[in-house]
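A quick write-up on the structure given underneath.
The values are calculated or read from the model by the stated rules, or taken from the named source; none is laboratory data. Owing to the predicted nature of the structure, the values given are computational and were not obtained by experimental measurement. Don't worry about glycine lacking a Cβ; one is built from the backbone with ideal geometry, like all the others, and counts go over all protein chains shown.
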Amino acid sequence: MSIAIVTGGASGIGRAIAASLVTRGDTVLVTDINAAGAAQVAEKLNAVGPGKAFSATLDVTDAAAVAAAYQAFYAEHGRLDLVFNNAGIAIGGLAEELTLDHWNRAIDINLKGVVHGVDAAYRIMLKQGSGHIVNTASMAGLVPMPMGIPYTATKHAVVGLSLGLRAEAAGRGIKVSVVCPSFVDTPLLTNINPDLPETPMSGDAKADIKQAQPKLYTAEKLARDIIRGVEKNHALIVAPASARIAWRGARFTPTGAVRVAQFAVDRFRSQKS
């Protein structure tokens, strides 16, 4: 049985990860800025077991709050085995349509939110000499993804952070993995640029995204991939199979990957005009 923390656990990938953990018997703290949503998830998971779920309100942009939440759960259970720094938001729009508010929100949540979780978890795990940190990035952190480059930039940063930390942590008994999924059917796709100036990609972008990937991967399937990757201590957990193909293609021919991305931009602009 593992003791785990999941951020962004009120919905989507975070909720699916928490469900997978509780189903296998783990004790999980489900955290989210949406307090009611996190509490509802924990209540439902406790009804099915066999593990246990607790909930806590957590704003990952608040470093002190993240550190306090992680430390309190560690103190209560005597160890902290798994941390899933998963909370994030979607930012969409062409570069000229975005404001610095878009950039800062993406950096604050998608990057600094992960940094805060990593810092809090790593210090605890160094004390106990074990643990596994799992950070959620995206395929946008492995391939050139336009029309939302603040999101892309932060996800590339999370990949680099995770792989660099994995090298440092290996000699200390701590594992680090980073999750890079393609488009997954979650509320993230229907809540683009939340509470920020509108762009043509604001709001519900699921229909547009499904043109690129008609059959969206489910959060439940991704959660199974993530748990399997964690058990095998994979550095990069890339899913589904189509995402792995795209990633390998981008590695083989970066120029070709940019051309494919440029085609998507051209099509988007033509649809707008």
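Data table
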{"quantity": "Cross-chain or 6+ apart pairs with Cβ under 6 Å, the stretch 107-132 first and free of Cβ contacts under 8 Å to residues at least 24 places away in the same chain, then surrounded by fewer than 18 Cβ atoms within 10 Å (Cβ to Cβ) and part of a helix (DSSP H, G or I)", "calculated": "none"}
{"quantity": "Checking A250 against (1) within 10 Å of V143 (Cα to Cα); (2) under 20 Å from the mean Cα position of the chain (by Cα), the condition it does not meet", "calculated": "(2)"}
{"quantity": "Residue in the stretch 79-91 that is in contact (Cβ under 8 Å) with a residue 40 or more places away in the chain, more than 30 Å from T255 (Cα to Cα) and small (G, A, S) present", "calculated": "yes"}
{"quantity": "All helices (runs of 4 or more DSSP H) inside the stretch 188-273 with 1 or more residues being at pLDDT 90 or above", "calculated": "219-231, 241-252, 254-272"}
{"quantity": "Every residue from the stretch 144-196 that is over 12 Å from the mean Cα position of the chain (by Cα) and among the basic types (K, R)", "calculated": "R166, R172, K175"}
{"quantity": "Count - residues of the stretch 39-58 that are in contact with a strand residue (DSSP E or B) (Cβ under 9 Å, 6 or more places away or on another chain) and more than 26 Å from I237 (Cβ to Cβ)", "calculated": "5"}
{"quantity": "Residues located in the stretch 12-66, provided they are assigned to a helix (DSSP H, G or I), buried (at least 24 other Cβ atoms within 10 Å of the Cβ) and either under 15 Å from the mean Cα position of the chain (by Cα) or free of Cβ contacts under 8 Å to residues at least 12 places away in the same chain (or both)", "calculated": "I13, G14, R15, A16, I17, A18"}
{"quantity": "Flag for F73 being crowded, with 19+ Cβ neighbours inside 10 Å and in a helix (DSSP H, G or I)", "calculated": "yes"}
{"quantity": "Test: residue in the stretch 102-111 that is under 30 Å from R269 (Cα atoms) and touching a Leu at 6+ places or on another chain (Cβ under 7 Å)", "calculated": "yes"}
{"quantity": "Matching residues, the stretch 216-250, being free of Cβ contacts under 8 Å to residues at least 24 places away in the same chain and loosely packed, with under 14 Cβ neighbours inside 10 Å", "calculated": "R228, E231, K232, A241, I245, R248"}
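Residues checked against (1) in contact with a helix residue (DSSP H, G or I) (Cβ under 7 Å, 6 or more places away or on another chain); (2) aliphatic (A, V, I, L, M); (3) buried (at least 17 other Cβ atoms within 10 Å of the Cβ):
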position: G78; (1), (2), (3): no, no, no
position: N86; (1), (2), (3): yes, no, yes
position: E96; (1), (2), (3): no, no, no
position: L111; (1), (2), (3): yes, yes, yes
position: A120; (1), (2), (3): yes, yes, yes
position: M125; (1), (2), (3): no, yes, yes
position: A140; (1), (2), (3): yes, yes, yes
position: V158; (1), (2), (3): yes, yes, yes
position: L163; (1), (2), (3): no, yes, no
